[in-house]
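The structure appears below as structure tokens.
The values are calculated or read from the model by the stated rules, or taken from the named source; none is laboratory data. Just so you know, these numbers come straight off a predicted model, no measurement behind them. Note: ideal-geometry Cβ built from the backbone for every residue, glycine included; neighbour counts use all protein chains shown. Note: areas computed on protein heavy atoms with side chains; ligands, DNA, RNA excluded. Shrake-Rupley method; radii C 1.70, N 1.55, O 1.52, S 1.80 Å.
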Amino acid sequence: MPPKSRAKSQPKADSKKKSGKKTSPSPSPISDKKQLELNFLNEVTYEASVEDIQKSFKFLGYGMNQGDRHYLKAACAAVERVCEEHEGLLTLIKAKGIETMLSIVRHMPHAHVSPSMSEAINAAAAAVYRQSSNWLDYVDQVDFHELPTILHLAHWLGAEDEDVALSSLGAMERFCLYRSEHGATLLASDVLQVVHRIIGHNRTPELLTEAFNLLFRLCDLPGATVVPLVHRESGLVSTVVESLHQAPLNMRLQLAGLRLLALWSQLVIENDGTTTATATVSDLKELVRLAKAEDHAKEVVANLSRSGLTHAAGWISAIASRLPRPTTKTEPSATANRRSTANKANRRSTAKPSKQST
């Protein structure tokens, strides 16, 4: 019997090789419970309740910790749908979703998640930032009851996203311009700490200019109201001067910053008998002096003069004239001068006898 040809036996060998190949394992089926939970996440919208949003964030955290992409991506998509409208954002704030979202974003580098999962988390966080900025631009200054929400967003998101920082500064300035009582309310709510945090994390000239203008409007009140608060946030003065060093050629920023420093230098607590202010907190001149504000102003004036911008140098010089001069070792401070003058007057009055006694 003649041997079989090679061509006829080749397909059988190929079929054996194909049958010997390892097939990729099929994805594990999703359990009924998990499918119900995923269906719940897919139905979450901006009309969801506080409990539903909190439950969605629990699934998001579970998906990130366990590496379950089904839970994580469905929960992130739910957060994006919640932030499609202002109503959903306000419910998210009530559910403490801002704080939870930030904790997830900060924990993400340590969780070793896949690139697709980190992309989903970043998309959800971007949706929160975007809707927060939109709401801050939309809020009406007549609605004074929204001031706590503005401060909440500025505190938690102002240092995370530049758009939210700009929108929060603009919203607070609108409220201050509408009624001066709103500025006092913001000061009593630690707004200086919030603005200090924003300035420390964002150093763009446009944002710093808006922040300095807002601080000027907030602090344009009697010294008894502002001086103790600025002393409590004493690092704010040095941060303002350091920010001015970052953009020495931006005249709009320099004018706003030096105007603010000049205002702080003029604030004094008047001792009219009703206040119990001590000499150490009666004004802010020492803080401005320690920050070397006048040295910076002289440098700005010199730069403008060398550039031929004499009119701008005159404006800066006029503002800088209100700044306290730095004290030297040979030059006593103003407090020491007042004390020495008072002591001399007391010695003269006790040393000179009266005419009636003689």
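Could you tell me what percent of the accessible area of segment 146-218 is made up of carbon and sulfur, with a 1.4 Å probe and every protein chain present?
Working: 1250 of 2700 Å².
Here carbon and sulfur together make up 46 percent of the probe-accessible area.
Taking amide H as placed 1.01 Å from N in the peptide plane, Val268 has its amide H under 5 Å from the amide H of Gly223, each at least 5 places away in sequence or on another chain.
Could you please put Glu80, Glu181, Glu119 in sequence from largest to smallest accessible area, using a 1.4 Å probe? Don't jump to the answer; show the numbers that get you there.
Details: Glu80 70, Glu181 95, Glu119 130 Å².
The most accessible residue leads, giving Glu119, Glu181, Glu80.
Relative to one another, the C-alpha centroids of segment 40-57 and segment 203-254 are positioned 41 Å apart.
A crude spin-label estimate for the pair Arg306 and Ala188, with each label 7 Å from Cα along the Cβ direction, gives 5.0 nm.
Once the 1.4 Å probe is applied to the protein heavy atoms, segment 161-307 comes out at 45 Å² accessible per residue. Each label was represented as a point 7 Å from its Cα along the Cα-to-Cβ direction; for Leu290 and Asn39 these points are 6.5 nm apart.
The mean accessible area for residues of segment 41-151, using a 1.4 Å probe and ignoring ligands and nucleic acids, is 49 Å² per residue.
What shape does segment 63-195 take by its C-alpha gyration tensor, where a ≥ b ≥ c are the square roots of the eigenvalues and a/c under 1.5 counts as rounded, a/b above b/c as prolate, and the rest as oblate? Judged from the Cα gyration tensor, segment 63-195 comes out prolate (a/c at least 1.5, a/b above b/c).
The chymotrypsin sites (Phe, Trp or Tyr not before Pro) of segment 79-159 include none that meets both criteria, a DSSP state outside H, G, I, E and B (loop) and at most 14 other C-beta atoms within 10 angstrom of the site's C-beta.
Using the Karplus relation 6.51 cos²θ - 1.76 cosθ + 1.60 with θ = phi - 60°, the per-residue 3J(HN,Hα) values for segment 176-193 come to 5, 5, 6, 8, 5, 5, 5, x, 5, 5, 5, 4, 5, 9, 6, 5, 5, 5 Hz, with x marking Gly and Pro.
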